Amino acid sequence: MNTTSIVDTQPDSASVVAPRPVGHPVVHARDLTRVWGKGSAAQIGIANVDLEIRRGELVAIVGPSGSGKSTLGALIAGIDQPSSGSLIVNDTRIDRLKVDRLAAWRGGNVGIVFQDFHLLPTLTAQENVELAIELGSSGAGRRLRKRAAVAALERVGLAGHTRKFPAQLSGGEQQRVGIARAMVTQPPLIVADEPTGALDQANGHAVFDVLTKLAGDGTTVVFITHDLSLAAAADRVVAMVDGRIASDTYRGVA
Ligand code: ADP
Ligand code: MG
């Protein structure tokens, strides 16, 4: 393993050393790098990222388009793997896991929320959420799955919408189904990549409120966003520039 780090490539003046909140680290990334291709053709996703996220934190990842937000989110969620560096999430070192192991790990450890919802159009809200439990191979029977799906939908404020199809729901409601699906298996970590990107402001706020509540209950939430007004309401804001962390600040800490 390569343990040397290139210290002088870190941005300096823009960096803010944030005080670390106490608690168990759910995400622990060291010198994390993702590149595609080689030599002069290399495309850098992220480079030499160090990041720790504690249980129950709601972390907003911001930065211009192409700055590496989605790359970082995909690595933390275990849907991609780094070129180098180490990544421990929920006490498992996932940077070298074989693909099938990684998929199994994801099932019990992370809920993923996508910008464009990714709901199945022929299933109701409840069935979309139930499917996540089935795929999570928890072995839960149909009745239990139903109950868990309804409870998750209630939790995101959709008690009256369980039998509706995605097309019968607003964008904000669809995204809340997406969050219910991500959290129904009670993963300790939720990674949401621009979950409010396709929503108007009111719906964006409603989705953000749901994520805030989840974090309040102890779920760690990585929230990638373009919306600086939402980011400002997060516990912590990690700003990316050119594949690196340019600043890392806690709310209320100058
Ligand atoms: P953001 O989410 O902040 O817009 P991304 O993480 O999607 O940024 O992309 C960061 C950089 O990595 C960009 O320059 C992008 O072109 C590059 N990149 C992302 N995915 C790939 C890929 N599969 N192959 C090559 N380059 C990629
Ligand atoms: Mg992106």
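The figures follow:
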item: 222 nm mean residue ellipticity, helices alone, for the chain (DSSP H n ≥ 4; -39,500 (n - 2.57); rounded to 500); result: -9000 deg cm²/dmol
item: On Cα atoms only, tilt of 142-155 relative to the major axis of the chain in degrees; result: 70 degrees
item: Debye, to nearest 20: dipole size of region 143-239, +1 on Lys, Arg Cβ, -1 on Asp, Glu Cβ; result: 720 debye
item: Nearest-ten-degree value, helix 99-109 long axis tilted from longest Cα axis of the chain; result: 60 degrees
item: Filtered trypsin sites (Lys or Arg not before Pro), region 73-174: DSSP coil and at most 13 other beta carbons within 10 Å; result: R96, K98, R163
item: Charge dipole (the chain, unit charges on Cβ, about Cα centre) - positive-most of I61, G108, L199; result: G108
item: Ranked R251, R236, criterion: other C-beta atoms within 10 Å, fewest first; result: R251, R236
item: Rounded to the nearest 20 debye, dipole of the chain from Cβ charges on Lys, Arg, Asp, Glu; result: 880 debye
item: Estimated dipole of region 64-136 in Debye, rounded to 20 [Cβ of Lys and Arg +1, of Asp and Glu -1, Cα centre]; result: 380 debye
item: Nearest 10 degrees, 0 to 90: helix 171-183 Cα axis against the chain principal axis; result: 80 degrees
item: Sequence of S70, S83, S229 once ranked by neighbouring C-beta atoms within 10 Å, starting from the fewest; result: S229, S83, S70
item: Extended-chain gain in nm, criterion 0.36 nm per residue less alpha-carbon gap, L123 and S170; result: 15.4 nm
item: Antiparallel content of DSSP bridges confined to the chain, in %, to 5; result: 55 percent
item: Cα-based reach from K213 at 17 Å (exclusive), listing aspartates and glutamates while leaving out same-chain residues under 8 positions away; result: E57, E154, E173, D235
item: Region 178-254 versus region 54-98: alpha-carbon centroid distance in Å; result: 14 Å
item: L189, L72 arranged by Cβ crowding within 10 Å, fewest neighbours leading; result: L189, L72
item: Theoretical FRET efficiency, 1/(1+(r/R0)^6), r = Cβ-Cβ of L144 and S40, R0 45 Å, to 0.05; result: 0.25
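The numbers here are math on the coordinates, done by the rules we state, and not lab data. Quick caveat, the model's predicted, so the values are computed rather than measured. Every residue, glycine among them, receives a Cβ derived from its backbone with ideal geometry; neighbour counts consider all protein chains shown.
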